[in-house]
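Report on one structure; see the data block that follows.
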Amino acid sequence: MGRKRDLASFPFRMAAMALLVEKNAAKALRSTGIVLLSSVVPGTPVDEGRARGNWLVGVNAPVRREEEPRDRQGSSAISEGSGVMAGARADDTIYISNNLAYIVPLNESHAWAGFVERAIAAANKAVKRANLTSKSGE
């Protein structure tokens, strides 16, 4: 009798497991995005704060506009971007973009070279530390 009951509840247990996996995948996606944003924004060289303030987050599509705010600390960009990411689901794609014409040259400049790449490396390291990737590095 116990085995029959176990088989009858199997579809419900699998549905619950699927929801848990989806919830954890969405959390991992959002956490990774927040780590990346929290690294790239303060890592962006600052003069007036326009470059830091133009890190914009989109879900399932990049944001293609430029902002005028001066965000020398980067706290507004991180807060607003984190808010956008809060609604991301497991099957969504998070885009973190900066549309200023000078962001690529700034990233390639001699004094600040590679701040975007360093942010990506920090996010990758955080993901690995949290065991959010497979052991084989896929």
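Looking for whichever is of a type in the set (G, A, S) and touching a Gly at 6+ places or on another chain (Cβ under 9 Å) here; the options are G83, G49, G87. Which one fits?
G49
Residue by residue through region 50-66, note down the ones that are at pLDDT 95 or above and not in a loop (DSSP other than H, G, I, E, B).
L56, V57, G58, V59
Filter region 75-97 for residues that are closer than 13 Å to W55 by Cα and either in a loop (DSSP other than H, G, I, E, B) or among the hydroxyl-bearing types (S, T, Y) (or both) and give the result.
Correct list: S75, S76, S79, S82, Y95, S97.
Output the residue which, of all residues in region 104-133 that are closer than 18 Å to A28 by Cβ and of a type in the set (K, R), is modelled with the lowest pLDDT.
My answer is R129.
Give me a count of the residues in region 70-82 that are touching a residue at least 24 places away in the same chain (Cβ under 8 Å) and touching an Asp or Glu at 6+ places or on another chain (Cβ under 6 Å).
Number satisfying all stated conditions: 1.
Being in contact with a Ser or Thr (Cβ under 6 Å, 6 or more places away or on another chain) and outside any loop (DSSP other than H, G, I, E, B) narrows it down to one residue among A28, A16, A119; which is it?
Selected residue: A119, the only one of A28, A16, A119 that is in contact with a Ser or Thr (Cβ under 6 Å, 6 or more places away or on another chain) and outside any loop (DSSP other than H, G, I, E, B).
Residue-by-condition table, conditions (1) over 22 Å from V127 (Cβ atoms); (2) surrounded by 18 or more Cβ atoms within 10 Å (Cβ to Cβ); (3) touching a residue at least 40 places away in the same chain (Cβ under 8 Å); (4) not hydrophobic (A, V, I, L, M, F, W, C):
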{"residue": "M14", "(1), (2), (3), (4)": "yes, no, no, no"}
{"residue": "L29", "(1), (2), (3), (4)": "no, yes, yes, no"}
{"residue": "T44", "(1), (2), (3), (4)": "no, yes, yes, yes"}
{"residue": "P62", "(1), (2), (3), (4)": "no, no, no, yes"}
{"residue": "E68", "(1), (2), (3), (4)": "yes, no, no, yes"}
{"residue": "V84", "(1), (2), (3), (4)": "no, yes, no, no"}
{"residue": "G87", "(1), (2), (3), (4)": "no, no, no, yes"}
{"residue": "T93", "(1), (2), (3), (4)": "no, no, no, yes"}
{"residue": "I96", "(1), (2), (3), (4)": "no, yes, yes, no"}
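The values are calculated or read from the model by the stated rules, or taken from the named source; none is laboratory data. Bear in mind the structure is a predicted one, so any value in this text is a computation, not a measurement. Ideal geometry is used to build each Cβ from the backbone, glycine not excepted, and the neighbour counts take in all protein chains shown.
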